[in-house]
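Peer 1: Pasting a structure below so you can have a look.
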Amino acid sequence: MADPSSYRPKPGQIPDSPGVYKFRDEHRRVIYVGKAKNLRQRVANYFQDLAGLHPRTRTMVTTAASVEWTVVSTEVEALQLEYSWIKEFDPRFNVKYRDDKSYPYLAVTLNEEFPRVQVMRGAKKKGVRYFGPYGHAWAIRETVDLMLRVFPVRTCSAGVFKNAARTGRPCLLGYIGKCSAPCVGRVTPEEHRDLAEDFCDFMAGRTGTYIRRLEKDMMQAAEEMEYERAARLRDDAEALKRAMEKSAVVLADATDADLIAVAEDELEAALQIFHVRGGRVRGQRGWVTDKVEAVDTSGLVEHALQQLYGEERGDAVPKEVLVPALPEDTEAVSQWLAERRGSQVSLRIPQRGDKKDLMATVQRNAQQALGLHKTKRASDLTTRSRALEEIAEALGLDTAPLRIECYDISHLQGDDVVASMVVFEDGLARKSEYRRFQIKGFEGQDDVRSMHEVIGRRFKRYLQEKERTGEWEEQTGDTPADGPAATGPAPTGPVPGPAPTGPVAAPATDPAEDAEPREDDGRPKRFAYPPQLVVVDGGQPQVAAARRALDELGIDDIAVCGLAKRLEEVWLPDDDDPVVLPRSSEGLYLLQRVRDEAHRFAITYQRAKRAKRIRTSPLDDVSGLGETRKQALIKHFGSVKKLRQATIDEICEVPGIGRRTAESVAAALASTAPAAPAVNTATGEIIEEDDGGSS
């Protein structure tokens with residue numbers, strides 16, 4: 001690992017001009033390329049104290065052995081040079097979207113004497129017009145089959161074309177009118193090229209002109225009593241309309257735009273692009289990338305724009321590019337896009353209307369793409385096995401942790417404090433084993449104390465299950481103090497574990513934990529299986545609390561670690577330094593999935609409890625008072641506060657409320673102390689509350 005100070009440029013050596021810089025490793029390979037408005041300020045940021053750098057940036061500068069730069073005259077030139085160098089050197093620490101080479105495009109080979117319409121995959125070629133990408137090749141063939149009635153462009157291969165020219169006989173499409181047969185001279189090269197260009201114009205969204213022209217010719221043919229020709233023109237117009245219907249109308253007819261959305265987590269990002277031409281979605285594609293550099297959403301968008309339009313010119317760059325976040329230097333990127341298009345390009349975030357709604361759809365597609373990518377990655381058996389082995393090696397475990405439990409604490413400013421427990425077995429989530437907890441031991445916000453309570457309660461239940469099955473008994477005078485006495489068969493299960501030592505505690509009383517029946521049917525109950533690894537969401541304090549809870553129960557054969565979200569560092573008990581797993585480690589990816597699932601499960605439970613608490617009312621405890629009469633009371637008095645101040649006679653005035661019910665309402669409200677008044681902290685003024693919505 002190199003010391004960045006060994007290759008740090010001397011003060012004043014770096015110019016303060018726009019430019020592009022490269023970091024090279026000891027073998028002179030380019031490992032990172034970046035651009036800057038001011039090279040001196042940007043490059044100097046990499047040579048600050050390593051502790052202040054992002055972990056990914058820290059890894060890059062300690063891998064590098066030298067830095068060099070190139071000065072350019074404008075920020076647009078810097079953007080272009082950065083793209084060129086990333087493409088040329090393929091640096092390992094730059095975000096690179098895995099290209100969608102497998103997506104099929106509808107291509108028109110305008111670089112040939114007789115242009116051909118075909119399905120193309122792979123890198124784009126110069127002189128070829130592309131439309132799409134499409135999700136499936138058959139969708140392209142259906143569209144082309146409909147359009148060949150009106151634009152009979154050549155679709156045959158070079159071999160078929162030459163053979164037809166040699167024999168003087170066209171192929172079947174030439175006989176049925178779906179090819180103009182330039183191979184046998186039915187049309188001139190110029191006429192055939194005009195057909196191909198009309199085909200491209202229609203696919204580019206200029207559809208109204210051709211349909212109106214066909215309908216006009218149809219009416220004229222009918223007036224001249226050329227009914228067969230009129231019928232053929234009618235069928236041609238219908239074919240074009242059916243081809244148009246395959247692309248949904250989402251925006252105004254004249255709209256040409258690309259919509260880009262990003263879904264990301266700490267390690268990966270998924271990008272989705274919708275190509276809208278003539279108000280219709282003409283193509284869709286997606287990329288997934290590893291976040292190998294310290295980059296935010298605006299940086300991901302900028303990288304995407306470079307990759308999308310770095311090789312494009314003219315109409316391939318749309319008039320509008322809608323993004324979820326603007327690049328850091330929006331003006332330079334907009335100017336670069338305008339130069340590639342040859343006219344102004346609007347780069348902005350949609351704020352309202354149809355474009356914002358469509359952007360939400362693109363965003364949902366990006367989220368689904370990221371989730372699908374993670375699911376595919378996690379479902380691979382070899383990958384899961386490697387992940388478990390990497391975790392075992394990094395944490396010094398004797399065997400791979402086949403059962404992992406992860407715990408997370410969730411609350412809202414100290415209210416409704418809850419915890420979650422999620423279980424992964426053999427690298428896959430086992431949702432039937434998920435559990436949730438309410439924190440009962442204290443009031444307020446204390447994540448460390450909450451973690452100690454939850455771990456203690458969970459493993460007290462584990463010890464209780466062991467005693468119930470007879471695998472472990474509470475120690476007596478005849479039992480050795482250094483180990484449990486097994487007096488019964490051990491429970492069976494997918495992940496059996498050794499019996500721990502320690503005292504048996506009283507059963508927990510959390511209703512979220514005790515919801516199942518307790519019949520002794522021979523099957524293991526909740527919390528019967530111990531994990532090989534306990535993961536907590538947090539750093540050293542949370543890990544220490546979890547370890548202390550296990551030690552207090554005498555459990556010393558279960559490993560504990562914590563995953564700190566900010567830096568993705570793995571913390572072990574009693575270690576001052578974290579374990580840093582490699583960025584590409586499948587083990588780190590699995591730990592992150594476990595932690596994120598625990599966080600999701602905890603926050604879902606916390607929100608449900610908060611919503612339930614907000615919806616509660618003192619009137620809920622009144623026997624026989626239904627929702628309709630509760631609403632009538634609130635509507636009559638305006639709020640629970642005013643209802644509390646009313647007399648029994650006044651309550652009886654509400655339709656449907658008898659005296660006995662009124663007495664019950666008054667008693668229930670009297671027993672409920674009103675909440676303390678709210679105070680404006682800036683002025684000290686007491687704010688009168690109106691709790692009319694609390695019912």
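The values are calculated or read from the model by the stated rules, or taken from the named source; none is laboratory data. Just so it is clear, the structure is predicted and the values come from calculations on it, not from any experiment. Quick reminder, even Gly has a Cβ in these numbers, built from the backbone with ideal geometry, and neighbours come from all protein chains shown. Areas reflect the complete protein model, heavy atoms only, side chains present, ligands, DNA and RNA absent. Shrake-Rupley method; radii C 1.70, N 1.55, O 1.52, S 1.80 Å.
Peer 1: Please work out the Cα center distance from region 643-661 to region 418-434, rounded to the nearest Å.
Peer 2: Using only Cα atoms to place each centre, the spacing works out to 51 Å.
Peer 1: Let me know the volume per residue of the alpha-carbon convex hull for region 1-62, in Å³.
Peer 2: 89
Peer 1: Within 10 Å, count the other beta carbons around each residue, average over each peptide in 455-462, 630-637, 262-269, and list them highest first.
Peer 2: On the way: 455-462: 23.1, 630-637: 16.9, 262-269: 18.8.
Highest to lowest by the protection proxy: 455-462, 262-269, 630-637.
Peer 1: Full-extension gain between A360 and R213, please, as 0.36 nm times their residue separation minus the C-alpha to C-alpha distance.
Peer 2: Values: separation 147, 0.36 × 147 = 52.92 nm, distance 3.70 nm.
Extra length available between A360 and R213 comes to 49.2 nm.
Peer 1: If you take the beta carbon distance between A123 and R430 as r and set R0 to 35 Å, what does 1/(1 + (r/R0)^6) give as a FRET efficiency, to the nearest 0.05?
Peer 2: 0.20
Peer 1: Going highest first, how would you order 660-666, 536-542, 110-116 by mean Cβ packing within 10 Å?
Peer 2: 536-542, 660-666, 110-116
Peer 1: Which FRET efficiency value, to the nearest 0.05, do you get for W138 and A204 by plugging their Cβ-Cβ distance into 1/(1 + (r/R0)^6) with R0 = 22 Å?
Peer 2: Step by step, r from the Cβ atoms, then E = 0.50.
Peer 1: Can you give the direction-averaged projected area of the convex hull of the alpha-carbon atoms in region 301-343, in nm²? The partial results should precede the final answer.
Peer 2: Working: hull surface 10.8 nm².
Approximately 2.7 nm², given one-decimal rounding.
Peer 1: Another one. Could you let me know the centre-to-centre spacing of region 564-594 and region 145-198, using Cα atoms, in angstrom?
Peer 2: Region 564-594 and region 145-198 have Cα centres separated by 62 Å.
Peer 1: Let me ask something additional. Take peptides 418-424, 314-320 and line them up by average Cβ neighbours within 10 Å, highest first, as a rough protection proxy.
Peer 2: In decreasing order of mean packing, 418-424, 314-320 become 418-424, 314-320.
Peer 1: Quick check: residue separation of K162 and T297 times 0.36 nm, minus the Cα distance between them. What number comes out in nm?
Peer 2: 43.4 nm
Peer 1: Please check which bits of region 590-607 a label hung off D415 would reach, taking the label as a point 7 Å along Cα-to-C-beta and the cut-off as backbone N under 13 Å.
Peer 2: From region 590-607, the list is 607.
Peer 1: Rounded to the nearest 20 debye, what is the charge dipole size of region 525-659 about its Cα centre when +1 sits on each Lys and Arg Cβ and -1 on each Asp and Glu Cβ?
Peer 2: Around 1220 debye, computed over region 525-659.
Peer 1: If you roll a 1.4 angstrom probe over the protein chains with everything in place, what fraction of the accessible area of region 37-151 belongs to carbon and sulfur, to the nearest %?
Peer 2: Carbon and sulfur atoms account for 50 percent of the accessible area of region 37-151.
Peer 1: Rounded if a/c is under 1.5, else prolate if a/b is larger than b/c, else oblate: which is region 525-672, with a ≥ b ≥ c the root eigenvalues of its Cα gyration tensor? Spell out each step's value before the answer.
Peer 2: On the way: a/c = 4.10, a/b = 3.22, b/c = 1.27.
Taking the square roots of the gyration eigenvalues as a ≥ b ≥ c, region 525-672 is prolate.
Peer 1: Now, a different point. For labels at D290 and R229 in the simple 7 Å Cα→Cβ model, what's the distance in nm?
Peer 2: 6.5
Peer 1: From the Cα gyration tensor of region 320-475, with a ≥ b ≥ c the square roots of its eigenvalues, which class applies: rounded if a/c is under 1.5, or else prolate if a/b is larger than b/c, or else oblate?
Peer 2: prolate
Peer 1: So which chymotrypsin sites (Phe, Trp or Tyr not before Pro) in region 95-191 pass both tests, a DSSP loop state and at most 13 other Cβ atoms within 10 Å of the Cβ?
Peer 2: Working: sites: Y97, Y105, Y130, F131, Y134, W138, F161, Y175; in loops: Y97, Y134.
Listed in order of number, the matching sites amount to none.
Peer 1: Also, I was wondering about something else. Straight-line reach from K641: which lysines fall under 23 Å, measuring Cα to Cα and dropping same-chain residues less than 8 apart?
Peer 2: Result set, ordered by chain and number: K612, K630.
Peer 1: Please compute the modelled spin-label separation between S671 and R169, points set 7 Å along Cα→Cβ, answer in nm with one decimal.
Peer 2: Each label point is offset 7 Å from its Cα along the Cβ direction, giving 9.9 nm.
Peer 1: Would region 133-237 count as rounded, prolate or oblate if I go by the C-alpha gyration tensor, calling it rounded below 1.5 in a/c and otherwise prolate when a/b exceeds b/c, oblate otherwise?
Peer 2: Oblate, because a/c is 1.5 or more while a/b does not exceed b/c.
Peer 1: Would you kindly state how much longer the chain becomes between E311 and S385 on full extension, computed as 0.36 nm times their sequence separation minus their alpha carbon distance, in nm to one decimal?
Peer 2: Working: separation 74, 0.36 × 74 = 26.64 nm, distance 4.07 nm.
Contour length minus Cα-Cα distance gives 22.6 nm.
Peer 1: Given a Förster radius of 35 Å and the C-beta distance between I648 and Q351 as r, what FRET efficiency does 1/(1 + (r/R0)^6) yield to the nearest 0.05?
Peer 2: Efficiency for this residue pair is about 0.05.
Peer 1: Under a plain spin-label model, where a point goes 7 Å from the Cα along Cα-to-Cβ, how far apart in nm are N111 and R92?
Peer 2: In this crude spin-label approximation the distance works out to 3.4 nm.
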